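First up is the structure itself, then whatever we jot down about it.
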Amino acid sequence: DQQVKQNSPSLSVQEGRISILNCDYTNSMFDYFLWYKKYPAEGPTFLISISSIKDKNEDGRFTVFLNKSAKHLSLHIVPSQPGDSAVYFCAASQQAGANNLFFGTGTRLTVIP
Amino acid sequence: DGGITQSPKYLFRKEGQNVTLSCEQNLNHDAMYWYRQDPGQGLRLIYYSQIVNDFQKGDIAEGYSVSREKKESFPLTVTSAQKNPTAFYHCASSIQSAYNQKLFFGSGTQLSVL
């Protein structure tokens, strides 16, 4: 039973435009959310996180938005760069510091120069 | 250079054989984790360890075993009881913190059955 879902397996965006990656979850007890980025032949690396007490968190070109009522979060990348081309995983847990993260299936982003 | 090293990158298992995947970290992290990823699915937690000589089952621990004799090392054994072991295995570590869940991952091991 997939509690965290990324319904778009892939996304292509022109360089300089906005990339929007979406993530939905089913467990209303989740209150901490993270995005990881994965390049081929490397492990995932942490990108950005958000706690359920906030609805937005920003770090440079990356912004995560959380809509708790819709159980939906999104990652915005502005402007998109070719180096952003990677697989992006959304993850969730019931509390920050908890030992079990539930991961989505990933979205492959391709930024076209 | 601090990080997590997983070996081997590729591993083949014969029927009825146990195989061990290695994971070493030099980040001085207390917590270590093993995740499994199947094609088209998210990562699922197999086992985790918060301190030396202690570990807990994750969601899919059946057919796997681990040990944590040293802080730096968290090897995963895929036993013959695991009937569908073909998958990509991720090892990760983190600072044990109530406020931080930033996992650091190794580059993974692809396990296939011959």
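Do we find a residue being within 22 Å of A:Ala41 (Cα to Cα) and buried (at least 17 other Cβ atoms within 10 Å of the Cβ) anywhere in segment B:49-61? No - not one qualifying residue is present in segment B:49-61. State whether the residues of segment B:15-31 include one that is within 10 Å of chain A (Cβ to nearest Cβ), assigned to a loop (DSSP other than H, G, I, E, B), loosely packed, with under 15 Cβ neighbours inside 10 Å and touching a residue at least 60 places away in the same chain (Cβ under 8 Å). No, that holds for no residue.
With respect to the conditions (1) within 14 Å of chain A (Cβ to nearest Cβ); (2) among the β-branched types (Val, Ile, Thr); (3) not in a loop (DSSP other than H, G, I, E, B), B:Ile60 falls short on a single one, namely (3). Listed by position, the strands (runs of 3 or more DSSP E) contained in chain A that have at least 1 residues being modelled with pLDDT under 95 and within 28 Å of B:Tyr48 (Cα to Cα) are A:32-38, A:45-51, A:86-93.
Any chance segment A:52-70 includes a residue that's closer than 26 Å to B:Thr5 by Cβ and aromatic (Phe, Trp, Tyr)? Checked against the condition, which is being closer than 26 Å to B:Thr5 by Cβ and aromatic (Phe, Trp, Tyr), segment A:52-70 yields no hits at all. Quickly run through segment A:23-71 and pick out the residues that are touching a residue at least 24 places away in the same chain (Cβ under 8 Å), away from every other protein chain (no Cβ under 11 Å) and among the β-branched types (Val, Ile, Thr). Correct list: A:Thr26, A:Val64.
In segment B:71-85, the residues that are without any contact (Cβ under 8 Å) to a residue 40 or more places away in the chain reach residues that are part of a loop (DSSP other than H, G, I, E, B) and of a type outside the set (D, E, K, R) with C-beta atoms within less than 9 angstrom, at least six apart or across chains, in these pairs: B:Ala81/B:Gly63; B:Gln82/B:Gly63; B:Lys83/B:Gly63; B:Asn84/B:Gly63.
Taking the condition part of a loop (DSSP other than H, G, I, E, B) and of a type in the set (A, V, I, L, M, F, W, C), does B:Leu111 pass? Considered against the rule, which asks whether it is part of a loop (DSSP other than H, G, I, E, B) and of a type in the set (A, V, I, L, M, F, W, C), B:Leu111 comes out as no.
The values are calculated or read from the model by the stated rules, or taken from the named source; none is laboratory data. Predicted model, so just to flag it, every value in this text is computed and none were measured. Every residue, glycine as well, gets a Cβ built from its backbone with ideal geometry; the counts of neighbours run over all protein chains shown.
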